[in-house]
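The values are calculated or read from the model by the stated rules, or taken from the named source; none is laboratory data. Remember, predicted model here, so these are calculated numbers, not experimental data. All Cβ positions, glycine included, derive from the backbone under ideal geometry; neighbour counts span all protein chains shown.
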Ligand SMILES: Nc1ncnc2c1ncn2[C@@H]1O[C@H](COP(=O)(O)OP(=O)(O)OP(=O)(O)O)[C@@H](O)[C@H]1O
Ligand SMILES: [Mg+2]
(Lines give C-alpha, C1' and ligand atoms only; values in the text may rest on other atoms or scores of the structure.)
(Ligands and ions follow the chains in the order given, each with its own letter.)
Protein backbone atom coordinates (compact mmCIF):
# COMPACT_ATOMS: atom_id res chain seq x y z
CA UNK A 1 0.00 0.00 0.00
CA UNK A 2 1.28 3.46 -0.92
CA UNK A 3 0.40 6.00 1.73
CA UNK A 4 0.63 9.32 -0.04
CA UNK A 5 -0.52 11.53 2.80
CA UNK A 6 1.27 9.49 5.50
CA UNK A 7 -1.85 9.29 7.68
CA UNK A 8 -2.14 5.91 9.38
CA UNK A 9 -5.63 4.41 9.64
CA UNK A 10 -6.57 3.65 13.21
CA UNK A 11 -8.40 0.43 14.17
CA UNK A 12 -12.12 0.91 14.58
CA UNK A 13 -13.24 0.97 18.22
CA UNK A 14 -14.96 -2.29 19.02
CA UNK A 15 -17.17 -2.29 22.11
CA UNK A 16 -17.80 -5.69 23.79
CA UNK A 17 -21.55 -5.47 23.03
CA UNK A 18 -20.78 -4.79 19.36
CA UNK A 19 -18.53 -7.90 19.38
CA UNK A 20 -21.35 -9.97 20.90
CA UNK A 21 -23.83 -8.69 18.31
CA UNK A 22 -21.42 -9.57 15.49
CA UNK A 23 -20.86 -13.06 16.93
CA UNK A 24 -24.62 -13.58 17.13
CA UNK A 25 -25.00 -12.48 13.48
CA UNK A 26 -22.26 -14.90 12.40
CA UNK A 27 -23.82 -17.90 14.18
CA UNK A 28 -27.25 -17.01 12.73
CA UNK A 29 -25.72 -16.90 9.25
CA UNK A 30 -24.02 -20.29 9.77
CA UNK A 31 -27.31 -21.86 10.95
CA UNK A 32 -29.15 -20.35 7.96
CA UNK A 33 -26.58 -21.76 5.53
CA UNK A 34 -26.77 -25.23 7.11
CA UNK A 35 -30.57 -25.17 6.69
CA UNK A 36 -30.26 -23.98 3.07
CA UNK A 37 -28.00 -26.92 2.17
CA UNK A 38 -31.09 -29.12 2.41
CA UNK A 39 -33.45 -26.73 0.57
CA UNK A 40 -34.78 -27.53 -2.93
CA UNK A 41 -32.44 -27.38 -5.93
CA UNK A 42 -34.16 -24.23 -7.23
CA UNK A 43 -33.80 -22.42 -3.92
CA UNK A 44 -30.16 -23.40 -3.61
CA UNK A 45 -29.37 -22.22 -7.15
CA UNK A 46 -30.88 -18.82 -6.41
CA UNK A 47 -28.95 -18.57 -3.15
CA UNK A 48 -25.64 -19.60 -4.75
CA UNK A 49 -26.09 -16.85 -7.34
CA UNK A 50 -26.77 -14.24 -4.68
CA UNK A 51 -23.78 -11.98 -4.05
CA UNK A 52 -22.10 -12.41 -0.67
CA UNK A 53 -19.20 -10.09 -0.11
CA UNK A 54 -16.13 -11.82 1.29
CA UNK A 55 -13.96 -9.53 3.38
CA UNK A 56 -10.50 -10.57 2.21
CA UNK A 57 -7.49 -8.82 3.85
CA UNK A 58 -7.02 -5.97 1.33
CA UNK A 59 -10.77 -5.33 1.21
CA UNK A 60 -10.88 -5.29 5.01
CA UNK A 61 -8.14 -2.68 4.99
CA UNK A 62 -10.04 -0.53 2.47
CA UNK A 63 -13.34 -0.90 4.36
CA UNK A 64 -11.66 0.00 7.64
CA UNK A 65 -10.10 3.11 6.12
CA UNK A 66 -13.38 4.16 4.44
CA UNK A 67 -15.42 3.68 7.61
CA UNK A 68 -12.78 5.50 9.62
CA UNK A 69 -13.12 8.45 7.24
CA UNK A 70 -16.92 8.45 7.61
CA UNK A 71 -16.90 8.15 11.38
CA UNK A 72 -14.13 10.59 12.21
CA UNK A 73 -14.90 14.17 13.15
CA UNK A 74 -14.95 16.49 10.13
CA UNK A 75 -11.61 18.18 9.56
CA UNK A 76 -10.71 21.09 7.33
CA UNK A 77 -8.30 18.99 5.27
CA UNK A 78 -10.70 16.17 4.37
CA UNK A 79 -8.81 12.98 3.51
CA UNK A 80 -9.22 10.76 0.45
CA UNK A 81 -8.58 7.13 -0.37
CA UNK A 82 -8.13 5.67 -3.82
CA UNK A 83 -8.68 1.95 -4.20
CA UNK A 84 -7.18 0.58 -7.37
CA UNK A 85 -7.23 -2.83 -8.99
CA UNK A 86 -7.58 -4.63 -12.30
CA UNK A 87 -11.03 -5.05 -13.83
CA UNK A 88 -13.19 -7.55 -11.97
CA UNK A 89 -11.18 -7.16 -8.76
CA UNK A 90 -14.06 -5.96 -6.58
CA UNK A 91 -13.82 -2.13 -6.63
CA UNK A 92 -17.49 -1.43 -7.34
CA UNK A 93 -18.43 -4.15 -4.85
CA UNK A 94 -16.47 -2.25 -2.20
CA UNK A 95 -18.25 1.03 -3.03
CA UNK A 96 -21.67 -0.63 -3.03
CA UNK A 97 -21.01 -2.32 0.32
CA UNK A 98 -20.12 0.99 1.95
CA UNK A 99 -23.10 2.63 0.28
CA UNK A 100 -25.45 -0.10 1.50
CA UNK A 101 -24.28 0.32 5.08
CA UNK A 102 -24.43 4.12 4.84
CA UNK A 103 -27.36 4.72 2.49
CA UNK A 104 -29.88 7.30 3.63
CA UNK A 105 -32.33 4.48 4.39
CA UNK A 106 -30.03 1.94 6.04
CA UNK A 107 -30.64 1.16 9.71
CA UNK A 108 -27.91 2.57 11.90
CA UNK A 109 -26.77 2.58 15.49
CA UNK A 110 -25.69 6.21 15.12
CA UNK A 111 -26.90 8.44 17.95
CA UNK A 112 -27.27 12.07 16.91
CA UNK A 113 -29.35 14.50 14.94
CA UNK A 114 -28.95 13.25 11.35
CA UNK A 115 -26.99 10.04 10.93
CA UNK A 116 -24.13 10.10 8.42
CA UNK A 117 -24.61 8.72 4.92
CA UNK A 118 -22.58 8.17 1.76
CA UNK A 119 -23.30 9.04 -1.89
CA UNK A 120 -21.79 7.22 -4.86
CA UNK A 121 -21.41 8.40 -8.47
CA UNK A 122 -19.54 7.19 -11.55
CA UNK A 123 -17.13 9.65 -13.12
CA UNK A 124 -17.55 8.22 -16.66
CA UNK A 125 -18.57 10.78 -19.25
CA UNK A 126 -18.23 13.83 -16.99
CA UNK A 127 -16.35 16.84 -18.34
CA UNK A 128 -17.54 19.80 -16.26
CA UNK A 129 -18.16 20.74 -12.61
CA UNK A 130 -21.77 21.29 -13.57
CA UNK A 131 -22.07 17.69 -14.80
CA UNK A 132 -20.50 16.37 -11.57
CA UNK A 133 -23.04 18.30 -9.49
CA UNK A 134 -25.88 17.14 -11.78
CA UNK A 135 -24.89 13.48 -11.32
CA UNK A 136 -24.78 13.84 -7.53
CA UNK A 137 -28.24 15.42 -7.52
CA UNK A 138 -29.62 12.60 -9.68
CA UNK A 139 -28.08 10.06 -7.34
CA UNK A 140 -29.78 11.48 -4.27
CA UNK A 141 -33.06 11.93 -6.13
CA UNK A 142 -32.91 15.71 -5.78
CA UNK A 143 -34.46 17.78 -8.56
CA UNK A 144 -31.96 18.75 -11.29
CA UNK A 145 -32.69 22.10 -12.90
CA UNK A 146 -31.26 21.80 -16.42
CA UNK A 147 -31.04 25.59 -16.80
CA UNK A 148 -29.37 26.31 -13.46
CA UNK A 149 -25.99 28.04 -13.64
CA UNK A 150 -23.00 26.19 -12.25
CA UNK A 151 -22.88 28.37 -9.11
CA UNK A 152 -26.55 27.67 -8.37
CA UNK A 153 -26.10 23.95 -8.85
CA UNK A 154 -23.03 24.05 -6.61
CA UNK A 155 -25.10 25.74 -3.92
CA UNK A 156 -27.93 23.21 -4.19
CA UNK A 157 -25.49 20.29 -4.03
CA UNK A 158 -23.61 21.59 -0.99
CA UNK A 159 -26.83 22.45 0.83
CA UNK A 160 -28.42 19.09 0.07
CA UNK A 161 -25.34 17.06 0.98
CA UNK A 162 -25.04 19.04 4.21
CA UNK A 163 -28.74 18.47 5.01
CA UNK A 164 -28.54 14.72 4.53
CA UNK A 165 -25.22 14.69 6.44
CA UNK A 166 -23.26 13.11 3.61
CA UNK A 167 -19.92 12.09 5.16
CA UNK A 168 -18.40 10.24 2.21
CA UNK A 169 -18.46 10.82 -1.52
CA UNK A 170 -17.70 7.60 -3.41
CA UNK A 171 -16.36 7.96 -6.96
CA UNK A 172 -16.33 4.92 -9.27
CA UNK A 173 -14.51 4.62 -12.61
CA UNK A 174 -12.12 7.40 -11.58
CA UNK A 175 -9.73 6.61 -14.47
CA UNK A 176 -12.37 7.90 -16.90
CA UNK A 177 -11.46 11.46 -15.88
CA UNK A 178 -8.25 10.88 -17.84
CA UNK A 179 -10.23 10.35 -21.04
CA UNK A 180 -11.14 14.05 -21.21
CA UNK A 181 -9.00 17.06 -22.15
CA UNK A 182 -6.73 18.59 -19.49
CA UNK A 183 -9.12 21.51 -19.15
CA UNK A 184 -12.11 19.21 -18.58
CA UNK A 185 -10.14 17.11 -16.10
CA UNK A 186 -9.39 20.25 -14.09
CA UNK A 187 -13.07 21.21 -14.01
CA UNK A 188 -14.10 17.82 -12.69
CA UNK A 189 -11.31 17.87 -10.09
CA UNK A 190 -12.29 21.41 -9.06
CA UNK A 191 -15.81 20.22 -8.25
CA UNK A 192 -14.47 17.30 -6.16
CA UNK A 193 -12.04 19.56 -4.32
CA UNK A 194 -14.72 22.15 -3.70
CA UNK A 195 -17.02 19.55 -2.10
CA UNK A 196 -14.19 18.11 0.02
CA UNK A 197 -13.29 21.59 1.27
CA UNK A 198 -16.70 23.18 1.73
CA UNK A 199 -18.28 20.13 3.40
CA UNK A 200 -15.09 18.77 5.03
CA UNK A 201 -16.17 15.58 3.32
CA UNK A 202 -13.80 12.65 2.68
CA UNK A 203 -13.73 10.91 -0.71
CA UNK A 204 -13.35 7.24 -1.58
CA UNK A 205 -12.30 6.93 -5.23
CA UNK A 206 -12.05 3.66 -7.11
CA UNK A 207 -10.53 2.80 -10.44
CA UNK A 208 -8.15 0.64 -12.45
CA UNK A 209 -4.41 0.62 -11.77
CA UNK A 210 -3.66 4.00 -13.40
CA UNK A 211 -6.67 5.75 -11.80
CA UNK A 212 -4.45 7.56 -9.28
CA UNK A 213 -3.07 9.58 -12.19
CA UNK A 214 -6.48 11.25 -12.48
CA UNK A 215 -5.52 13.42 -9.50
CA UNK A 216 -1.98 14.14 -10.67
CA UNK A 217 -2.86 17.44 -12.32
CA UNK A 218 -3.99 18.86 -8.96
CA UNK A 219 -1.19 18.59 -6.40
CA UNK A 220 -3.39 19.70 -3.48
CA UNK A 221 -5.92 17.02 -4.19
CA UNK A 222 -3.29 14.36 -4.94
CA UNK A 223 -1.56 14.90 -1.60
CA UNK A 224 -4.74 14.06 0.28
CA UNK A 225 -5.21 10.62 -1.23
CA UNK A 226 -3.65 7.46 0.11
CA UNK A 227 -3.89 4.35 -2.06
CA UNK A 228 -4.88 0.73 -1.42
CA UNK A 229 -4.45 -1.83 -4.18
CA UNK A 230 -6.79 -4.77 -4.58
CA UNK A 231 -4.62 -7.74 -5.42
CA UNK A 232 -4.45 -10.07 -8.37
CA UNK A 233 -4.92 -13.46 -6.71
CA UNK A 234 -1.94 -15.80 -6.49
CA UNK A 235 -1.18 -19.15 -4.96
CA UNK A 236 -0.79 -18.04 -1.33
CA UNK A 237 -2.51 -18.17 2.06
CA UNK A 238 -4.91 -15.34 1.21
CA UNK A 239 -6.27 -17.37 -1.71
CA UNK A 240 -6.64 -20.43 0.53
CA UNK A 241 -8.62 -18.32 3.03
CA UNK A 242 -10.79 -16.88 0.24
CA UNK A 243 -11.62 -20.35 -1.08
CA UNK A 244 -12.35 -21.58 2.43
CA UNK A 245 -14.84 -18.71 2.88
CA UNK A 246 -16.47 -19.51 -0.46
CA UNK A 247 -17.02 -23.23 0.20
CA UNK A 248 -19.96 -22.95 2.67
CA UNK A 249 -21.72 -20.49 0.30
CA UNK A 250 -21.94 -23.19 -2.39
CA UNK A 251 -24.60 -25.10 -0.42
CA UNK A 252 -23.49 -28.52 -1.68
CA UNK A 253 -24.51 -31.53 0.36
CA UNK A 254 -21.27 -33.45 -0.26
CA UNK A 255 -17.76 -32.45 0.83
CA UNK A 256 -16.21 -29.60 -1.15
CA UNK A 257 -12.51 -28.81 -1.09
CA UNK A 258 -11.43 -26.04 -3.43
CA UNK A 259 -8.03 -25.83 -1.75
CA UNK A 260 -6.29 -28.82 -3.30
CA UNK A 261 -3.22 -28.17 -5.49
CA UNK A 262 -5.06 -29.26 -8.63
CA UNK A 263 -8.07 -27.02 -7.94
CA UNK A 264 -5.93 -23.98 -7.13
CA UNK A 265 -3.76 -24.38 -10.24
CA UNK A 266 -6.80 -24.73 -12.49
CA UNK A 267 -8.69 -21.86 -10.86
CA UNK A 268 -5.74 -19.48 -11.27
CA UNK A 269 -5.21 -20.58 -14.85
CA UNK A 270 -8.85 -20.05 -15.83
CA UNK A 271 -9.40 -16.81 -13.91
CA UNK A 272 -6.11 -15.04 -14.58
CA UNK A 273 -6.13 -14.25 -10.84
CA UNK A 274 -9.24 -12.03 -11.09
CA UNK A 275 -11.58 -12.29 -8.13
CA UNK A 276 -14.81 -11.90 -10.11
CA UNK A 277 -13.78 -14.74 -12.42
CA UNK A 278 -12.71 -17.02 -9.54
CA UNK A 279 -16.14 -16.52 -7.99
CA UNK A 280 -18.02 -17.10 -11.26
CA UNK A 281 -16.06 -20.29 -12.05
CA UNK A 282 -16.70 -21.76 -8.63
CA UNK A 283 -20.39 -20.75 -8.56
CA UNK A 284 -21.00 -22.19 -12.04
CA UNK A 285 -19.42 -25.47 -10.94
CA UNK A 286 -21.56 -25.50 -7.78
CA UNK A 287 -24.76 -24.92 -9.78
CA UNK A 288 -23.79 -27.74 -12.11
CA UNK A 289 -23.18 -29.98 -9.10
CA UNK A 290 -26.65 -29.14 -7.77
CA UNK A 291 -28.36 -29.75 -11.13
CA UNK A 292 -26.56 -33.05 -11.77
CA UNK A 293 -26.95 -34.30 -8.22
CA UNK A 294 -23.15 -34.76 -7.88
CA UNK A 295 -23.18 -32.45 -4.86
CA UNK A 296 -19.43 -31.91 -5.01
CA UNK A 297 -16.91 -30.11 -7.24
CA UNK A 298 -14.05 -31.85 -9.04
CA UNK A 299 -11.28 -30.10 -11.06
CA UNK A 300 -12.89 -31.19 -14.36
CA UNK A 301 -15.98 -29.18 -13.43
CA UNK A 302 -14.01 -25.91 -13.35
CA UNK A 303 -14.43 -24.13 -16.69
CA UNK A 304 -13.98 -20.65 -18.12
CA UNK A 305 -16.16 -18.08 -16.29
CA UNK A 306 -18.40 -17.44 -19.28
CA UNK A 307 -19.03 -21.17 -19.80
CA UNK A 308 -22.38 -21.06 -17.97
CA UNK A 309 -24.43 -24.04 -16.80
CA UNK A 310 -27.62 -24.82 -18.84
CA UNK A 311 -30.05 -21.90 -18.58
CA UNK A 312 -33.00 -24.28 -18.05
CA UNK A 313 -31.89 -24.46 -14.40
CA UNK A 314 -33.13 -20.88 -14.02
CA UNK A 315 -36.69 -19.57 -14.23
CA UNK A 316 -37.74 -17.66 -17.32
CA UNK A 317 -38.76 -18.03 -20.94
CA UNK A 318 -36.97 -20.59 -23.11
CA UNK A 319 -36.33 -20.58 -26.88
CA UNK A 320 -37.01 -23.90 -28.63
N1 LIG B 1 -15.18 -9.28 -1.86
C2 LIG B 1 -15.97 -9.95 -2.70
N3 LIG B 1 -16.68 -11.01 -2.29
C4 LIG B 1 -17.45 -11.68 -3.14
N5 LIG B 1 -17.62 -11.38 -4.44
C6 LIG B 1 -16.94 -10.34 -4.91
C7 LIG B 1 -16.08 -9.56 -4.07
N8 LIG B 1 -15.53 -8.58 -4.82
C9 LIG B 1 -16.03 -8.75 -6.06
N10 LIG B 1 -16.86 -9.79 -6.12
C11 LIG B 1 -17.58 -10.25 -7.33
O12 LIG B 1 -16.72 -10.05 -8.44
C13 LIG B 1 -17.40 -9.46 -9.53
C14 LIG B 1 -16.66 -8.23 -10.01
O15 LIG B 1 -16.65 -7.26 -8.98
P16 LIG B 1 -16.72 -5.69 -9.27
O17 LIG B 1 -17.76 -5.37 -10.29
O18 LIG B 1 -16.82 -5.04 -7.96
O19 LIG B 1 -15.27 -5.46 -9.91
P20 LIG B 1 -14.64 -4.10 -10.42
O21 LIG B 1 -13.24 -4.09 -9.88
O22 LIG B 1 -15.51 -2.95 -10.08
O23 LIG B 1 -14.59 -4.34 -11.99
P24 LIG B 1 -14.53 -3.21 -13.16
O25 LIG B 1 -13.16 -2.59 -13.10
O26 LIG B 1 -14.71 -4.02 -14.40
O27 LIG B 1 -15.62 -2.22 -12.92
C28 LIG B 1 -18.80 -9.16 -9.07
O29 LIG B 1 -19.66 -10.13 -9.65
C30 LIG B 1 -18.79 -9.34 -7.57
O31 LIG B 1 -19.94 -9.94 -7.11
MG1 LIG C 1 -16.51 -1.56 -11.30
Which of the residues spanning the range 242-274 are within 11 Å of ligand 1 (Cβ to nearest atom) and touching a helix residue (DSSP H, G or I) at 6+ places or on another chain (Cβ under 8 Å)?
242, 246, 249, 271
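If a residue has to be under 30 Å from residue 228 (Cβ atoms) and crowded, with 16+ Cβ neighbours inside 10 Å to count, how many in the range 41-53 make the cut? Break it down stepwise before answering.
Keep residues of the range 41-53 that are under 30 Å from residue 228 (Cβ atoms), which gives 48-53.
When the remaining residues are screened for being crowded, with 16+ Cβ neighbours inside 10 Å, the result is 48.
Qualifying residue count, the range 41-53: 1.
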I'd like to verify a number: residues in the range 220-241 that are in a helix (DSSP H, G or I), at pLDDT 95 or above and either surrounded by fewer than 20 Cβ atoms within 10 Å (Cβ to Cβ) or on the phi > 0 side of the Ramachandran plot (or both), how many?
4
Give me a count of the residues in the range 17-66 that are touching a residue at least 60 places away in the same chain (Cβ under 8 Å) and within 16 Å of ligand 2 (Cβ to nearest atom).
4
